[in-house]
Amino acid sequence: MSAQPFSGKVVLITGGTRGIGLEMVRAFAVEGASVVFSGTSEESVARAMTGLGERPSLRGVAADLADPAAPARLVAAAQQAFGGLDVLINNAGITGPADLWAIDAAEWDRVQAVNLRAAFFCAREAVGLMRARGGGCIINIASVAGQIGGAATGPAYVAAKAGMIGLTRSLARHFAPFGVRVNCIAPADIETDMTSGWSDALRDRLKAMTPLGRFGRVDEVSGAALFLAGPASTFITGQTLNVNGGIYMG
């Protein structure tokens, strides 16, 4: 086996400047891929690039995924930088207010736009480039919240992440004739800069709900993504891989 199984592959990761997304950028780059990733601002992209180490195989692009023009611009950036696209990971997401009585229509719509609408349009833009290369792989990052109703998040986030699972199944059927596989990863609570700020009471409650008794690690999610994008999963499509310590067994 090649020491770098993704050598020659081009990967686009949305929301790649922190947490799970940043780890996936790092993991695919280590495995030899050329990676384009998005962040919400030029500053966040610059910080990520500094942390990753400036290298010619990485490109960071500032993009607001609530902007309907962003998906086409990101896919075009992959084409311009590296000549095509093999793997798309729809990771960008925002939570919105946890209090269902506090969220307004504009906030609800923004959560759906960033988490769900952008994933569809990124996938639709990407599939054209993947067809030209003989096939490809799309991975949508959902959440256990979309499977259990959310223990620390509000209805807008839960609805969007449940929608990601349904979207995955639909796109898997539509894109299969083009040689494009579409799968989903549904993580539970993962140790990131965001979850580290949660109260001890909340963290303890969530750990108590989890049979393995801990939060996951970002590399455990990136490992799942490497598997789903790699040669060991070529007969897998339309599936949701639960990386959740057993909190949901579906």
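Rule-based calculations on the coordinates, nothing more; no lab input. Because the structure is predicted, anything quoted here is derived from the model rather than measured. A quick note on method: Cβ atoms are made from the backbone with ideal geometry, for glycine too, and the neighbour counts reach across all protein chains shown.
Things worth noting here:
- Charge dipole of region 112-187 (Cα centre as origin; +1 on each Lys and Arg Cβ, -1 on each Asp and Glu Cβ, all else neutral): 200 debye, rounded to the nearest 20.
- For region 10-241, with +1 on Lys and Arg beta carbons and -1 on Asp and Glu, the positive-most of GLY230, PRO211, ALA62 along the dipole: GLY230
- Karplus-based coupling profile of region 3-9, in residue order and whole Hz: 5, 10, x, 9, 4, x, 8, with θ = phi - 60° in 6.51 cos²θ - 1.76 cosθ + 1.60 and x standing for Gly or Pro.
- Zero-based 5 Å bins, Cα pair distances in region 102-250, whole percents: 2, 9, 17, 20, 19, 15, 10, 5, 2, 0, 0
- Residues whose placed amide H lies under 5 Å from that of ILE138, excluding near-sequence neighbours: LEU88, ARG181, VAL182, ASN183
- Using the Cβ-Cβ distance between ALA132 and LEU100 with R0 set to 41 Å, the FRET efficiency works out to roughly 0.40.
- In this simple spin-label approximation, LEU202 and ARG124 carry label points 7 Å from Cα along the Cα→Cβ vector, and these lie 3.4 nm apart.
- For ARG217, nonlocal amide neighbours, meaning residues 5 or more places apart or on other chains whose placed amide H falls under 5 Å from its own, are GLU191.
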